[in-house]
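For reference, the structure discussed in these notes is given below.
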Amino acid sequence: MRLIIRDDKSSVGAFTATYIAKRINEFKPTEDHPNFVLGLPTGSSPLPVYHKLIELYVRDKVSFKDVITFNMDEYVGIPKSHPESYHSFMFDNFFSKVDIDPKNAHILNGEADNLVEECEKYEELIESVGGIDLFLGGIGEDGHIAFNEPGSSLASRTRMKTLAYDTIVANARFFDNDIQKVPRMALTVGIATVMSAREVIILITGKHKAPALAKSIEEGMNHMWTVSAIQQHPWAMVVADEDATLELRVGTVRYFKSIESVQAEQELKYGNAALRPKQRSIHASSPRF
Amino acid sequence: MRVLKFTNCYLLQEDDSLKKGDLYVDIERGVIISGKELFFTAKEYPIEVIDLEEDILSPGLIDVQINGAYGVDFSLWPPINTENLPRDQQIAAYLAGLDKVSAKIVETGTTSFLPTIITQQQDLYRELIPLLGPRSSENSAHVLGYHAEGPFIAHSRKGAHAPPFLLTAPNGVSSIESVYDSQTTKLETPNTGIKLLTMAPDVEGVAESIGALAALPDVVISIGHSDATVELAAKSVRDGARFITHLFNAMPQLHHRDPGVIGLLGNQVQRPFYGLIVDGVHVHPNAVRLAYDAHPDGCILVTDAMPLMDPHLEDGIHDWRDGRRLLKQGPRLYLENTKTLAGSASSLDECIRNMTEFTNSPSYAKALSCATYHPAQLLQLSNKGNLRVGSDADLVVINRTTGEVKSTFIKGKCVYGN
């Protein structure tokens, strides 16, 4: 796992967006896997990434025309058109501003008649396009990824989840401060869905997420900090700002800062593709817990 | 579905603010659609994207009081130079005049209007009213119906209306219907044209009729050209009157013991909408501010424009009607050799710029609401005057720094500018 540390949230966004654009541009389509497949999150941490990706698109540095996306999660019980739906978030902050083909942008449908089937179909769809090349994620203060709250199985796949009371309370600010209006359920990809991606990038920014970062990378893998599952991923990267490193040991921070330049040198010498674990083997050996 | 997307623009919101965003229009149906629905449900792209470079995108302007423009007088029957022609040619000439205004007025950002007919000889109403039903010609502003100003108005507040034709309503509603009903149209029948009736509750028989008239589906009653006391005016509002015609003009000045019609702006419960001619002449900027500050949500900008309203017309003496002539001096129009103001020659976009200046507004948003959302509310039109999904794509692009109209769209089609 790599840990990249940048000064602030917007530098984290710029680094990550540039990295993703590079991956999209380097992608070599094959018959079984003709499109670059990107997993995407909602929330405040990824916003700077979306801003920068839009900027790169406007400057003709990247195109999403052939990119397929899968979002992590969506509420159950509010329409797509609701301003707080994740469909709205993605449309307003990203999809409406780039050249992605609407047919290639997938988000779980929280309005589906059969929610179990919706989740199963989502996994099948991901499989059918050749799996996810790069999954971008953020985390909550308790280290949860997507709606996989503490205690979620690290081997979980896409499914329905009942939201924790704390999450409902935290979300009430988006629903007129009325707990009754906050959705109580969501559809979410599982930890194993994320970890099956060939590459995983987790954004962690802000002082309030410092304990989660420390718990997730300095301690053992633990279902109470679900993002800690990245410790088992062969090609994962955490991008954090300085504030988020406050609870890490000085040694940890120094170590990762020192190897960042080494990694860059090696990439320059061998090219990124040569350093990356072989795609097929990763996908076949998706985490076994 | 063929969709046009406006991007990089400030959209007028219903709370008088501007919000950066995109707007999607289905150009086949001419209505505003949800971009999100297009993306997630239809899974389609817009076929055209227009970058508005940070200008304002507003619903098209709605003028509820306009007597004529571009040399056309809506109140003149038979139309000019058709006195000796057969009736069907007179009708054709009148409709051609209406279409001429509809086609040209889009340059002022106006996409809907109510041709306003001032007091007429009684039998002429039967000729004019059947011609003033809702009308939408291609590439032109919509005629929503008509506004009849008079003949049930007070002699003492006649303004430029012809005194011999003013009427009272001794038999109440039936006196009033006998003027406005024609062979083919009736006040009580929806969609035949009637939208707004300006009348004076102090004229015999009017006050008693307001309740019944206001209950008709398409009729909005406006108080105007009136010497009504504040009590009488307030009673008229309780009975259903919802508008004041050109506030401050053709009504007594505000007196603190009896504030009259103007005093309705201080009403405790229902405050009516009110029209303001913000041409800088009819109402002093301070009076504009007083009215607006008292009741911002009721303010509706009207041009009260005369046939001489034409942004391309020069100052000087011009023929009007019945052998009378008007003097045009900039935005001012006087009956020749008098100081009597005879309507205005300002366009609605000019009024918006004036209003923004007079009220020291930081943007054009508040003034735009007074010419879009407010008049639509007055006329109870839910599909015009706003940018909601499902509303008609009658739109105007306004330069964010100068307030000039850059382009106008009717039903999603560009009809002015580019």
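Values in this text are rule-based calculations from the coordinates and carry no lab data. As the structure is a computational prediction, the values presented were derived from the model and not from experiment. As a convention, Cβ positions derive from the backbone with ideal geometry for all residues, glycine included, and neighbour counts pool all protein chains shown.
Odds and ends about this structure:
- Under 27 Å, Cα to Cα: Lys pairs in the stretch B:60-384, sequence gap 8 or more or different chains: 21
- Beta bridges by DSSP in the protein assembly as shown, antiparallel share as percent, to the nearest 5: 45 percent
- Alpha carbon centroid spacing (whole Å) that separates the stretch B:389-418 from the stretch A:120-135: 44 Å
- Database remark: amide H of B:TYR416 closer than 5 angstrom to the amide H of B:THR408 (H placed geometrically; neighbours at sequence offset of 5 or more, or on other chains; Pro and chain starts carry no H).
- Using a cut-off of 31 Å between Cα atoms, the listed pairs A:LYS61/B:LYS413; A:LYS9/A:LYS80; A:LYS80/A:LYS209 include A:LYS61/B:LYS413 as exceeding that distance.
- Report note on the peptides B:236-246, B:58-68, A:204-214: ranked by the mean count of other C-beta atoms within 10 Å, highest first, their order is B:58-68, B:236-246, A:204-214.
- Projected-area mean, chain A, by convex hull of Cα positions, square nanometres: 14.5 nm²
- Peptide packing: for B:162-168, A:138-144, the average count of neighbouring Cβ atoms within 10 Å per residue gives the ranking A:138-144, B:162-168, highest mean first.
- The stretch B:112-166 versus the stretch B:319-335: alpha-carbon centroid distance in Å: 19 Å
- Relative protection proxy for A:152-159, A:121-128, from highest mean packing down: A:152-159, A:121-128 (other beta-carbon atoms within 10 angstrom).
- The stretch A:2-270: antiparallel DSSP beta bridges as a percent of all, rounded to 5: 25 percent
- Cα shape, the protein assembly as shown, gyration tensor, a/c 1.5 rule: prolate
- Mean separation of Cα contacts under 8 Å (6+ apart) over length of the stretch A:2-270, as relative contact order %: 23 percent
- Ascending count of other beta-carbon atoms within 10 Å, so fewest first, for B:HIS374, A:HIS33: A:HIS33, B:HIS374
- Residues A:SER261, B:SER391, B:SER112 in ascending order of nearby Cβ atoms (within 10 Å, fewest first): A:SER261, B:SER391, B:SER112.
- Helix-only CD estimate at 222 nm, as mean residue ellipticity for chain A, using -39500 (n - 2.57) per DSSP H run (n ≥ 4): -10500 deg cm²/dmol
- Here the 3J(HN,Hα) profile of the stretch B:32-43, calculated from phi with Karplus coefficients 6.51, -1.76 and 1.60 at θ = phi - 60°, is 6, 10, 8, x, 5, 4, 4, 6, 8, 9, 6, 6 Hz, Gly and Pro shown as x.
- Average other protein chain Cβ within 10 Å of Cβ, residues B:35-47: 5
- Hz values of 3J(HN,Hα) by residue in the stretch B:210-219 - Karplus curve (6.51, -1.76, 1.60), Gly and Pro given as x: 4, x, 5, 5, 5, 7, 5, x, 9, 9
- Between the stretch B:17-52 and the stretch A:164-187, the alpha-carbon centres lie 30 Å apart.
- Look at A:HIS82, B:HIS161 and count the other Cβ atoms within 10 Å of each Cβ; fewest to most, that gives A:HIS82, B:HIS161.
- A helix-only calculation puts chain B at -5000 deg cm²/dmol for mean residue ellipticity at 222 nm, using -39500 (n - 2.57) for each DSSP H run of at least four residues, averaged over all residues.
- Per-residue mean of foreign Cβ neighbours for A:81-87 is 2 (Cβ atoms of other chains, 10 Å radius).
- Amide hydrogen neighbours beyond the local backbone of B:GLN65, cut-off 5 Å, H modeled: B:LEU114, B:THR303, B:ASP304
- Share, in percent, of DSSP beta bridges within the stretch B:60-384 that are antiparallel, nearest 5: 35 percent
- Placed amide H near B:TYR146: partners under 5 Å, 5+ positions off or other chain: B:ILE194, B:LYS195, B:LEU196
- Per-residue ³J(HN,Hα) for the stretch A:10-15, Karplus 6.51 cos²θ - 1.76 cosθ + 1.60, θ = phi - 60°, Hz, x for Gly and Pro: 6, 5, 4, x, 5, 4
- 13 Å beta-carbon shell around A:LEU40, net charge (K/R +1, D/E -1): -3
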